[in-house]
Amino acid sequence: MARLFGTDGVRGLANDELTPELALAIAASAARVLAAHDRSHRPVAVVGRDSRASGEMLEAAVVAGLTSAGADVLRVGVLPTPAVAHLVTELGANLGVMISASHNPMPDNGIKLFGEGGHKLPDGIEDEIERGLNAQGARPTGPQIGRVSDVTDAVNRYVAHLLEAAPVSLSGLRVVVDCANGASSSAAPEAYRKAGAEVVALHAKPDGININDACGSTCPEVLQAAVVEHGADLGIAHDGDADRCLAVDADGALVDGDQIMAILAVGMAETGELADNTLVATVMSNLGLHLAMKKHGIAVRTTAVGDRYVLEELRAGGFSLGGEQSGHVVLPDHATTGDGLLTALRLMGRVSETGKSLRELATVMHRLPQVLVNVPVIDKEAVAAAPAVKDAVADVEAELGDQGRVLLRPSGTEQLIRVMVEAPDADTAQAAADRLAGVVASVG
């Protein structure tokens with residue numbers, strides 16, 4: 001059987017693959033596992049969600065599961081994923097549960113779990129939770145049943161944390177922020193205004209249905225046009241749960257996660273904040289990032305795709321900056337997971353501190369043409385291992401030589417094969433990616 005937990009928790013079509021019954025079972029098992037690991041006190045869990053309608057149903061199930069296993073629940077409502085992770089620590093909880101499918105379409109939803117300290121749970125603990133889904137045994141009764149409280153100042157607590165972690169005044173900057181009608185719709189505009197920026201908020205009126213609907217970091221075209229229209233200094237695009245951030249310069253050009261990491265890494269190296277002068281990135285990061293970091297004397301550690309692997313490397317090496325091209329950026333001195341709002345504040349702070357435009361700062365790296373094609377398949381693992389696919393990858397790699405590279409990998413959350421090609425020019429990259437995608441599609 002396939003493992004229930006993927007690289008970013010449990011995810012699926014809400015009320016079909018991810019049912020309230022499954023959500024209840026996951027929450028109850030998580031509470032039991034935590035209680036078994038520490039019997040010194042009653043478990044406390046922070047529960048938050050993004051704005052999609054199914055989150056209301058799944059939140060009720062998660063709360064029921066936790067309390068039925070004897071855990072108390074602190075309900076924080078609609079908040080970014082990194083806010084839930086932060087509040088686990090601030091509120092002295094043992095567990096954090098975020099109900100979100102991040103950048104996925106509205107019909108999907110997911111469950112992410114955080115342990116004490118706001119860190120994602122190790123694979124071993126997730127496996128233990130999965131094994132306990134159907135556990136039978138005595139349930140708590142009477143006063144041993146968990147209780148539920150609402151944390152009414154959760155947004156204010158999170159914004160205060162952000163301003164402390166990124167204290168540079170943004171006075172004089174005009175920013176357009178696309179909140180994807182998601183979890184950042186309240187927190188992001190408030191945080192940026194309190195930091196001193198003039199804020200134009202887009203897609204900040206969630207109705208439960210419109211999350212990630214032709215907006216946010218997966219669809220930045222509207223933001224690109226709005227930045228130019230409003231004469232803004234830059235734009236910020238978040239995804240549904242705001243654990244990522246992409247940017248747009250004053251001319252409407254997209255600034256991706258690699259460029260953001262390059263800007264922050266150079267700035268942190270200058271101030272002595274970049275531990276061991278090292279940046280952690282994934283295999284998806286553009287070759288241009290590696291070349292730029294080498295030019296500035298900054299080492300790059302490479303991990304598998306997924307912010308959990310970036311986090312593991314950051315923690316193992318004591319490093320202070322890492323992330324993904326998609327805009328998941330982790331600053332472990334201030335956050336235990338990717339935080340799109342913190343990233344945006346630090347990026348805007350760099351603009352404010354240097355007096356340089358985002359466009360000028362982004363020239364720190366030259367991005368090689370990169371093409372990514374997502375190919376739907378029935379069995380992603382079988383397709384990735386197919387001899388015909390491996391042979392096709394080897395052929396393209398031989399043609400590109402050291403002037404480019406190929407990365408073919410199964411998605412961590414969907415039945416997709418992701419085909420990525422980098423090459424000296426866009427036409428070569430596109431042709432190679434299309435050829436490989438054709439082979440994948442024929443096999444899958």
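Summary table below
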read-out	value
Peptides ranked, highest mean first, by Cβ atoms within 10 Å: ranges 20-28, 190-198	20-28, 190-198
Amide proton proximity set for residue 322, modelled H, under 5 Å, gap of 5+	280, 330
Which of 398, 362, 444, positive extreme of dipole for region 352-444 (C-beta unit charges)	362
Tail weight of P(r) past 27 Å, computed on alpha-carbon pairs of the chain, percent	53
Protein accessible area in the chain, 1.4 Å probe - carbon and sulfur %	51
Proximal lysines to residue 295, defined as alpha-carbon separation beneath 30 angstrom and excluding residues fewer than eight positions away on the same chain	356
Mean residue ellipticity (222 nm) of the chain, computed from DSSP H runs ≥ 4 via -39,500 (n - 2.57), nearest 500	-12000 deg cm²/dmol
Alpha carbon centroid spacing (whole Å) that separates region 166-200 from region 1-73	31
Viscosity 1.306 mPa s, 10 °C: Kirkwood-radius Stokes-Einstein D of region 176-226 over Cα pairs, µm²/s	146
Residue 219 accessible area, assembled protein chains, probe 1.4 Å, Å²	40
Spatial separation of Cα centroids for region 377-412 and region 241-277, in angstrom	29
Only Lys, Arg (+1) and Asp, Glu (-1) charged, at Cβ; region 311-395 dipole about Cα centre in debye	380
Inter-label distance for residue 164 and residue 425, nm, one decimal - labels placed 7 Å from Cα along Cα-to-Cβ	5.4
Solvent-accessible ranking of 260, 125, largest area first, probe 1.4 Å	125, 260
Dipole of region 28-185, positive end: most advanced residue of 135, 99, 110 [Cβ charges, Cα centre]	135
In sequence order, calculated HN-Hα J values of region 49-59 (Karplus, 6.51, -1.76, 1.60; Hz; x Gly/Pro)	7, 8, 8, 5, 4, 5, x, 5, 5, 6, 4
Anchor residue 390: lysines whose Cα lies under 24 Å away (excluding residues fewer than 8 positions away in-chain)	380
Region 261-361: Cα Rg divided by the 2.2 N^0.38 Å rule of thumb	0.98
Cut-off 20 Å, label 7 Å out along Cα→Cβ of residue 391, residues of region 405-444 by amide N	406-409, 432-444
Residues in region 324-349 that a label on residue 271 would reach, taking backbone N under 20 Å of a point 7 Å out along Cα→Cβ	324, 328-349
Probe 1.4 Å, accessible area per residue of region 132-229, Å²	50
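The values are calculated or read from the model by the stated rules, or taken from the named source; none is laboratory data. All values reported here derive from a predicted model rather than from experimental measurement. Cβ atoms come from the backbone with ideal geometry, glycine included; neighbour counts cover every protein chain shown. Side chains are part of the model used for accessible areas, which takes the heavy atoms of the whole protein and leaves out ligands, DNA and RNA. Shrake-Rupley method; radii C 1.70, N 1.55, O 1.52, S 1.80 Å.
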